[in-house]
Amino acid sequence: MTPPAQGERLTIEVDMVDLMRVRGGNPLRGEITVRGAKNFVAKAMVAALLGETPSVLRNVPLIRDVDVVAGLLRLHGVAVDYDDAGGVLQFDSSNVEIAHVRDIDAHAGSSRIPILFCGPLLHRLGEAFIPDLGGCHIGDRPIDYHLRILRDFGAVVDKQERGIHITAPRGLTGTKIELPYPSVGATEQTLLTAVRAAGKTQLKNAAIEPEIMDLIAVLQKMGAVISVDTDRVIRIEGVDRLTGYVHTSLPDRIEAASWASAALATSGDIYVRGAQQPDMMTYLNTFRKVGGVFEIDDEGIRFLHPGGELNSIVIETDVHPGFMTDWQQPLVVALTQARGLSIVHETVYENRFGFTEALNGMGAQIQVYRECLGQLECRFGQRNFYHSAAISGPTKLTAAEIVVPDLRGGFSHLIAALAAEGTSLVRGIEQINRGYEHFMRKLAALGADVEMV
Ligand code: EPU
């Protein structure tokens, strides 16, 4: 495969729909394919910045977040080329350059990925500018861990009007870090910075999500020396030079679980090609306890509602290997159809139940609480956050006009509209493009009665 020409532009055309009419009440049935994990692919793209030779990333989905990161890379002089059919991204980072602040600002949009450009850009250019970050409105989503980590490595952080300017006048040196919470982003920040910092870095209380393990695999292919010990300790020995990589992304286990929950909520039957059992075990246990049936083969997983009533359940979201916070929202829609009282205790984000208001407007009975309705008191227990939900079911859902609040909440609203009797109007659908590839086509493949308005 030839590397892309310098300056070549990647243009990803994603489904551009903002208002959708959904005629609900029909089971979703059929087959869809999930490709690479959104929450890995973007990080692997950033890692390509560190390679002095070209990189190739396979199984890349056509989603807005990929488009944003590709654009940011191009602004920094990286040549990026995308082949949709094979989902192959190619990068040439041999001429990394400083980008204009205004361009970065304009391009980054709602993405939170720019914060991860810091380490690689400091190594390649000696400075980085990070615009104010967006992302889903699911809590404060601060970047204090990130900034502390960068300072620990020796970076100087200067907060400016439109963002943060970061320099490393004396270079970056390995350090000992202990995270207050096993944050995914902060662990990635440490990895992407430590691999080329001078000396050794030790990271305690690291996140160990499968997407992080895949990022470590990429970095090892590039020449990094990283070991993962027991008890969430990651050790990195800095090296002088990293080369490009060739890698195939792990599948998107959040998207796979979203479609699985859609099958439950609509009494459907969906084969998710590309879904893999090992990283979904916690979800699969829950799916089974709720009353869903799944069949696993080498190519994917079939998820179905076997008929009859679903069971209520108690769930606490957690870091890996716990029940992912991103699995919670679509499953809550299915739980509105389960008999009895289900409890969901959200322990990763303090404010991730905003989407339930619209579900209540459609006939669901979901009550949110400030208290920890779980086995353990979490970080949010003594604070003022509605982070537990009690869902009474089964309740009949009826059509409504809905405005999509964020990526996962938005997908949940869509599922609710598909499960509901009548015709719903769902506005702000465009947000779903951030993380669900070709979701309009997939809905059509599953027999959903939807149209753009
Ligand atoms: N946190 C801080 N300070 C920081 C960083 C994090 O207090 O500097 C807190 C957060 O506020 C949150 C907790 O730590 O309460 C965990 O956040 P984490 O850093 O793990 O999340 P993230 O890296 O920002 C990624 C995914 C999220 C996913 C979480 C948890 C990406 C781009 N995003 O976010 O995905 O929910 O890990 O698994 O990888 C999504 O896909 O819809 C999504 C939100």
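Would you confirm, using the coordinates I've provided, whether Ala444 is free of Cβ contacts under 8 Å to residues at least 12 places away in the same chain, more than 20 Å from Asp67 (Cβ to Cβ) and surrounded by fewer than 22 Cβ atoms within 10 Å (Cβ to Cβ)?
Working: free of Cβ contacts under 8 Å to residues at least 12 places away in the same chain: yes; more than 20 Å from Asp67 (Cβ to Cβ): yes; surrounded by fewer than 22 Cβ atoms within 10 Å (Cβ to Cβ): yes.
So Ala444 passes the test.
Assess whether Gln337 counts as being under 29 Å from Arg434 (Cβ atoms), in contact (Cβ under 8 Å) with a residue 12 or more places away in the chain and more than 24 Å from the chain's Cα centre (by Cα).
Numbers: under 29 Å from Arg434 (Cβ atoms): yes; in contact (Cβ under 8 Å) with a residue 12 or more places away in the chain: yes; more than 24 Å from the chain's Cα centre (by Cα): yes.
Against the criterion (under 29 Å from Arg434 (Cβ atoms), in contact (Cβ under 8 Å) with a residue 12 or more places away in the chain and more than 24 Å from the chain's Cα centre (by Cα)), Gln337 qualifies.
Being buried (at least 16 other Cβ atoms within 10 Å of the Cβ) and at pLDDT below 95, is that true of even one residue in segment 415-424?
no
So which of Ile226, Ile166, Ile234, Ile149 ends up being of a type in the set (Val, Ile, Thr) and either assigned to a loop (DSSP other than H, G, I, E, B) or touching an Asp or Glu at 6+ places or on another chain (Cβ under 7 Å) (or both)?
Sole residue among the options that is of a type in the set (Val, Ile, Thr) and either assigned to a loop (DSSP other than H, G, I, E, B) or touching an Asp or Glu at 6+ places or on another chain (Cβ under 7 Å) (or both): Ile166.
Looking only at segment 274-285, decide whether some residue is over 24 Å from the mean Cα position of the chain (by Cα), farther than 15 Å from Arg35 by Cβ and buried (at least 24 other Cβ atoms within 10 Å of the Cβ).
Let us first name the residues in segment 274-285 that are over 24 Å from the mean Cα position of the chain (by Cα), namely none.
Taking every residue of segment 274-285 in turn, none turns out to be over 24 Å from the mean Cα position of the chain (by Cα), farther than 15 Å from Arg35 by Cβ and buried (at least 24 other Cβ atoms within 10 Å of the Cβ).
Within segment 25-50, track down each residue that is surrounded by 24 or more Cβ atoms within 10 Å (Cβ to Cβ) and more than 12 Å from the ligand (Cβ to nearest atom).
Across segment 25-50, the qualifying residues are Leu28, Ile32, Val34, Gly36, Ala47, Ala48, Leu49, Leu50.
So, in segment 276-333, of the ones that are charged (D, E, K, R) and part of a helix (DSSP H, G or I), which residue ends up nearest to Ala358 (Cα to Cα)?
Asp326
Since Asp240 meets every condition but one in (1) among the acidic types (Asp, Glu); (2) free of Cβ contacts under 8 Å to residues at least 40 places away in the same chain; (3) away from the ligand (no atom under 14 Å from the Cβ), which condition does it not meet?
Tallying (1) among the acidic types (Asp, Glu); (2) free of Cβ contacts under 8 Å to residues at least 40 places away in the same chain; (3) away from the ligand (no atom under 14 Å from the Cβ), Asp240 fails exactly one: (2).
One line per residue, one yes/no per condition, for (1) within 16 Å of the ligand (Cβ to nearest atom); (2) not in a helix (DSSP H, G or I):
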{"site": "Pro180", "(1), (2)": "yes, yes"}
{"site": "Thr190", "(1), (2)": "yes, no"}
{"site": "Leu203", "(1), (2)": "yes, yes"}
{"site": "Ile208", "(1), (2)": "yes, yes"}
{"site": "Asp214", "(1), (2)": "yes, no"}
{"site": "Val218", "(1), (2)": "yes, no"}
{"site": "Lys221", "(1), (2)": "no, no"}
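In segment 93-114, what residues are of a type in the set (Gly, Ala, Ser) and either more than 14 Å from Ala128 (Cβ to Cβ) or in a helix (DSSP H, G or I) (or both)?
Selection gives Ser93, Ser94, Ala106, Ala108, Gly109, Ser110, Ser111.
In segment 392-412, what residues are within 25 Å of the chain's Cα centre (by Cα) and within 22 Å of Ile313 (Cα to Cα)?
Answer for segment 392-412, where residues must be within 25 Å of the chain's Cα centre (by Cα) and within 22 Å of Ile313 (Cα to Cα): Arg408, Gly409, Phe411, Ser412.
With the structure loaded, tell me whether Arg408 is basic (Lys, Arg), under 30 Å from Leu62 (Cα atoms) and within 16 Å of the ligand (Cβ to nearest atom) or whether it fails that test.
Yes: the conditions hold for Arg408.
Just to be sure before I move on: is Val157 away from the ligand (no atom under 16 Å from the Cβ) and either out of contact with any Asp or Glu (no Cβ under 8 Å at 6 or more places or on another chain) or modelled with pLDDT under 95 (or both) in the structure I sent?
no
Condition first: part of a loop (DSSP other than H, G, I, E, B) and of a type in the set (Ser, Thr, Tyr). Can you find one or more residues in segment 347-362 that meet it?
yes
Can you name every residue in segment 67-105 that is within 24 Å of the chain's Cα centre (by Cα), surrounded by fewer than 19 Cβ atoms within 10 Å (Cβ to Cβ) and within 19 Å of Thr53 (Cα to Cα)?
Leu75, Val88
Does Gln328 meet the test of being within 18 Å of the chain's Cα centre (by Cα) and within 16 Å of the ligand (Cβ to nearest atom)?
yes
Do we find that Leu73 is touching a residue at least 60 places away in the same chain (Cβ under 8 Å) and either under 21 Å from His247 (Cβ atoms) or within 16 Å of the ligand (Cβ to nearest atom) (or both) in this structure?
Considered against the rule, which asks whether it is touching a residue at least 60 places away in the same chain (Cβ under 8 Å) and either under 21 Å from His247 (Cβ atoms) or within 16 Å of the ligand (Cβ to nearest atom) (or both), Leu73 comes out as no.
Restricting segment 160-178 to residues that are surrounded by 14 or more Cβ atoms within 10 Å (Cβ to Cβ) and within 15 Å of the ligand (Cβ to nearest atom), which is modelled with the highest pLDDT?
The qualifying residue modelled with the highest pLDDT is Ile177.
List every residue pair whose Cβ atoms sit under 9 Å apart, with the two residues 6 or more apart in sequence or on different chains, where the first one lies in segment 219-232 and is in contact (Cβ under 8 Å) with a residue 40 or more places away in the chain and the second, anywhere, is of a type in the set (Phe, Trp, Tyr) and crowded, with 18+ Cβ neighbours inside 10 Å.
So the pair list comes out as Leu219/Tyr245; Met222/Tyr245.
All but one of (1) within 16 Å of the ligand (Cβ to nearest atom); (2) farther than 21 Å from Lys442 by Cα; (3) buried (at least 24 other Cβ atoms within 10 Å of the Cβ) hold for Leu335, so report the exception by its number.
(1)
The values are calculated or read from the model by the stated rules, or taken from the named source; none is laboratory data. Small disclaimer: the values here were computed from a predicted structure and weren't measured. In this analysis, Cβ positions are derived from the backbone assuming ideal geometry, glycine residues included, and neighbour counts consider all displayed protein chains.
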